[in-house]
Amino acid sequence: MNLTNLNYAPVLVVGAGIMGAGIAQVAAQAGHPVWLHDTREGAAAQAKAQLAKTLQGLVDKGKLAADVAAAALARITPISAVAEAASAKVVVEAIVENLDVKRGLFRELEALVADDAILATNTSSISVTAIANGLRLPGRLVGMHFFNPVPLMKLVEVVSGLHTEPAVAEAIFALSQAWGKVPVHAKSTPGFIVNRIARPYYAETLALLLEQAATPAVLDACLRAAGFRMGPCELMDLIGHDTNFAVTNSVYGANFQDKRYSPSGVQRDLVDAGWLGRKSGRGFYTHPQTEAEKTLPAAAAQSAPGVVSVTGRCAWATRIAEAMAAHGARVTRNERNPEVSISFACSQGGEGRVVVTDGRSAAQRASELQQPNVAVFDWSVADMAPGAVMAYAVAGQATPAFAAQAAGVLAAAGWHPLRTADAPGLVVARSIAMLINEAADAVQQGVCTPEAADAAMKLGVNYPAGPFEWLQRVGTAPVVHLLDALDSHYRGERYRVSPWLRQRLYTTGAHPA
Ligand code: NAI
């Protein structure tokens, strides 16, 4: 396809809802003349009027010059029939999420615009390949997936279906950059990049809730401590359980009921109850949240045993050893063992061990060590401030006195320990490992590059780091071992290790001894 430069080319935005209005704003602010159309009578004019207020707000705050705002607004023309925009060079569709309606619209549009005009769809879940099927020139249809709110969210997934011509995807990539966005290329597969890789963030928490491993408040606090702006429960409450459940179902169905994407009965019950989250006043939490719901169990009193042995080579182990010493403990270090753990004499006799999770439950580790007093604690993937929340679990065969001691030791190490049931992989470790696993599969299947996955998760859903950045930080072996342990505990398809990750164990020389 012979594409002309799209700078300042006329743009038609179809659908003047939340997304369409935002797309029109961004295009107009980048200097394009924009036609805005909606089948709902008056919707396009209404969207423009709303935009006038938004732009005025930016002017009032000193973020935009008055003449620039006025010029941007003047570039937007609401139209009642798409025929008025026949000379558009780019069409961005943001109408109802329905394959037949979108196909019908694009058939109408391709009869109208010139053959070198690009047709872009903002669909969030429909196959770009399927939307293009049946068009006279399907190669010029591409996904241009913005995130809500469009003017603020930097990410655009440029989605190529089987028909999409590379030059078309490149032109939309460049156009997105010209609009101040950060585009990433993606292959049209269920959920594209963000909505696919993000699934485990919700799914692992829902799985833990199903097992009654912890409360929503505890799970949210643990993931916030790992750097996420919102915990999964509060985030699902914000998104709306109906929407989140629908996306999960759609990804699950589109992957032929692969158990890895299985929706959760916990969320279905919320939807059935009409507890959709903030919009209905109740979800996991009541909204506004009560003080009782926000309050976490108090941290245990800090107490370090007289003599401790700390294993592990990383900075984390050093920090633990220093904290224990500061509490008056006589500390010995064992750096030959890379696993971070704290061992000490139990108050009631015998040895106690508090060790970072490797995906085995505390009970399994205690059984294998033939030592009942074992506790496991969660991964720390962020620089955690002193007093940050840390999940831990105690083996069922441990004594109550050891459980209390383990909490005191973790508090002395600088955390606010929160006890969960003995679920393998605890909270942060299993969530992060599964996010990495999903991203690894996406890369192996050619959906995106590792760099695109990192950028997409940071910019599309504000993750504190990208999955491959976490992988770099944690290392391949701990991730693979954790997933293998979960796989052997739960015995199903859900925790199967991505072949890409398993290969990486060998190629990076991180093969376990
Ligand atoms: P919305 O419901 O706010 O707006 C859709 C608009 O399209 C409505 O004003 C409706 O009257 C109009 N419309 C429906 N059929 C039409 C047709 N045949 N021709 C012209 N106009 C028509 O929906 P929203 O949220 O803006 O979503 C639009 C598209 O963007 C969907 O495909 C959605 O999946 C996608 N999307 C939505 C995101 C979100 O967070 N809301 C994020 C990314 C993509």
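Every residue, every condition in (1) assigned to a loop (DSSP other than H, G, I, E, B); (2) surrounded by fewer than 24 Cβ atoms within 10 Å (Cβ to Cβ); (3) among the basic types (K, R), yes or no:
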site	(1), (2), (3)
A429	no, no, no
P464	yes, yes, no
S488	no, yes, no
R504	no, yes, yes
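For segment 53-98, how many residues are touching a helix residue (DSSP H, G or I) at 6+ places or on another chain (Cβ under 6 Å) and either more than 18 Å from H32 (Cα to Cα) or exposed (fewer than 15 other Cβ atoms within 10 Å of the Cβ) (or both)?
Final tally of qualifying residues: 2.
Is it the case that A433 is more than 14 Å from A300 (Cα to Cα), surrounded by fewer than 23 Cβ atoms within 10 Å (Cβ to Cβ) and modelled with pLDDT of 95 or more?
No, not satisfied.
State all residues of segment 106-144 that are more than 33 Å from the chain's Cα centre (by Cα) and in a helix (DSSP H, G or I); if no residue qualifies, say none.
Within segment 106-144, R107, E108, L109, E110 meet the criteria.
Would you mention how many residues in segment 37-50 are more than 10 Å from the ligand (Cβ to nearest atom) and out of contact with any strand residue (DSSP E or B) (no Cβ under 7 Å at 6 or more places or on another chain)?
Residues flagged as more than 10 Å from the ligand (Cβ to nearest atom) and out of contact with any strand residue (DSSP E or B) (no Cβ under 7 Å at 6 or more places or on another chain) within segment 37-50 amount to 3.
Identify all residues within segment 203-231 that are touching a residue at least 60 places away in the same chain (Cβ under 8 Å) and within 14 Å of the chain's Cα centre (by Cα); write none if there are none.
Matches in segment 203-231: A203, E204, T205, L223, R224, A226, G227, F228, R229.
Between a first residue in segment 92-118 that is more than 16 Å from V142 (Cα to Cα) and a second residue that is more than 10 Å from the ligand (Cβ to nearest atom) and assigned to a loop (DSSP other than H, G, I, E, B), which pairs have beta carbons less than 6 Å apart while being 6 or more apart in sequence or on different chains?
L112/A86
So, in segment 298-320, of the ones that are of a type in the set (S, T, Y) and not in a strand (DSSP E or B), which residue ends up farthest from E351 (Cα to Cα)?
Of everything passing the filter in segment 298-320, T318 is farthest from E351 (Cα to Cα).
Among the numbered conditions (1) in the same structural domain as A28 (by TED's automatic domain parsing); (2) in a helix (DSSP H, G or I); (3) under 18 Å from the mean Cα position of the chain (by Cα), tell me where L235 comes up short.
For L235, the failing item is (1).
Scan segment 331-357 residue by residue and report those that are under 16 Å from A413 (Cα atoms), of a type in the set (A, V, I, L, M, F, W, C) and either outside the structural domain of A375 (by TED's automatic domain parsing) or over 33 Å from the mean Cα position of the chain (by Cα) (or both).
V331, F344
Quick grid of which residues meet (1) in contact with a Lys or Arg (Cβ under 9 Å, 6 or more places away or on another chain); (2) farther than 22 Å from E211 by Cα; (3) hydroxyl-bearing (S, T, Y); (4) without any contact (Cβ under 8 Å) to a residue 12 or more places away in the chain:
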position: S262; (1), (2), (3), (4): yes, no, yes, no
position: K279; (1), (2), (3), (4): no, yes, no, no
position: H287; (1), (2), (3), (4): yes, yes, no, no
position: A298; (1), (2), (3), (4): no, yes, no, yes
position: A301; (1), (2), (3), (4): no, yes, no, no
position: A317; (1), (2), (3), (4): yes, yes, no, no
position: I320; (1), (2), (3), (4): no, yes, no, no
position: G350; (1), (2), (3), (4): no, yes, no, no
position: D358; (1), (2), (3), (4): yes, no, no, no
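Might you check whether a residue that is within 23 Å of L486 (Cβ to Cβ), out of contact with any helix residue (DSSP H, G or I) (no Cβ under 6 Å at 6 or more places or on another chain) and part of a strand (DSSP E or B) occurs anywhere in segment 397-407?
no
The values are calculated or read from the model by the stated rules, or taken from the named source; none is laboratory data. Everything numeric here is computed off the predicted structure, so don't read it as measured data. Every residue, glycine among them, receives a Cβ derived from its backbone with ideal geometry; neighbour counts consider all protein chains shown.
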